[in-house]
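Visitor: I'd like to ask you about the structure that follows.
The values are calculated or read from the model by the stated rules, or taken from the named source; none is laboratory data. It should be emphasised that the depicted structure is a prediction, and the values quoted were computed from it without experimental measurement. Cβ: placed from backbone, ideal geometry, glycine included. Neighbour counts: every protein chain shown.
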Amino acid sequence: MSNKAILKISVTGVSLALIIIVQFLGKILPPGFSIFGPFSLNQLVIGSFVNMILILLTTKFGIYCAAATGALSSVMAFLLQIGPIFPQIVAFISISNIIFVLVFYLISIIYNSKNKKYILVLGVVVSAIIKFLFLKLTIPWSLNIIKDITKTQIQVLTVMFSWPQLVTALTGGFLALFIKKRLFINKTN
């Protein structure tokens, strides 16, 4: 196994651990105040952090590290009981994270070939919108097949997995681009 492969596996593991730690802290801290409806400060901070890590991984280490981290983070959060309480929605969250990094990655290829910095901004916006639309369409459907769920839980989760996902994806994506530009990541792999 090459040093580059070992580095990518290590970075994926560390990124996954960071996401789990942040999710765990969000779970043990007081819920914070509601920004609007069921969209809380905790969701804003945790969701934005996860999306920031996913975009940073995509720009520095490529699609495989980012997709693996995005998919495994929701599964691990469920298994550790710090994430979604219904297993039926975990797959959709994982898929939405993969879609988020895949769309961003595909758009960032244009950035490499055309050398236009605004393409990355477009990548964040388009990938955030597609992630939001995917969750907005799939989560309500998946909630309707759960037997032991209340009407209130369906309403709260439907809102949590709609427009707040767009806000956290955009916030995390733009934070990642800011960090990428200011700190250490020079190119897309």
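Visitor: Residues of segment 162-177 being more than 16 Å from residue 108 (Cα to Cα) and of a type in the set (Phe, Trp, Tyr), which ones?
Guide: The one that is more than 16 Å from residue 108 (Cα to Cα) and of a type in the set (Phe, Trp, Tyr): 163.
Visitor: Pairs under 7 Å by beta carbon, first residue part of a helix (DSSP H, G or I) in segment 91-119, partner among the charged types (D, E, K, R) and at pLDDT 95 or above, six or more apart or different chains?
Guide: 96/131; 99/131; 100/131
Visitor: Show the residue pairs that are 6+ apart or on different chains and have beta-carbon atoms under 7 Å apart, the first residue being within segment 8-30 and surrounded by fewer than 16 Cβ atoms within 10 Å (Cβ to Cβ), the second being modelled with pLDDT of 90 or more.
Guide: Correct list of pairs: 18/53.
Visitor: Taking segment 107-127 as the search range and keeping residues that are among the aliphatic types (A, V, I, L, M) and modelled with pLDDT of 95 or more, which one is surrounded by the most Cβ atoms within 10 Å (Cβ to Cβ)?
Guide: Taking segment 107-127 as the starting set, the residues that turn out to be among the aliphatic types (A, V, I, L, M) are 107, 109-110, 119-122, 124-126.
Filter again for modelled with pLDDT of 95 or more, leaving 124-126.
Values: 124: 25, 125: 17, 126: 14.
By that ranking, first place goes to 124.
Visitor: Could you check how many residues of segment 44-84 are among the small types (Gly, Ala, Ser), part of a helix (DSSP H, G or I) and closer than 13 Å to residue 27 by Cα?
Guide: 2
Visitor: Which one of these is at pLDDT below 95 and of a type in the set (A, V, I, L, M, F, W, C): 95, 179, 99?
Guide: 179
Visitor: While we're looking at this one, here's another question. Which of the residues belonging to segment 136-157 are among the hydroxyl-bearing types (Ser, Thr, Tyr) and surrounded by fewer than 16 Cβ atoms within 10 Å (Cβ to Cβ)?
Guide: Of segment 136-157, the ones among the hydroxyl-bearing types (Ser, Thr, Tyr) are 138, 142, 150, 152.
Result: 150, 152.
Visitor: Let me ask another. Which residues, taken from segment 125-173, are charged (D, E, K, R) and part of a loop (DSSP other than H, G, I, E, B)?
Guide: Within segment 125-173, 147, 148 meet the criteria.
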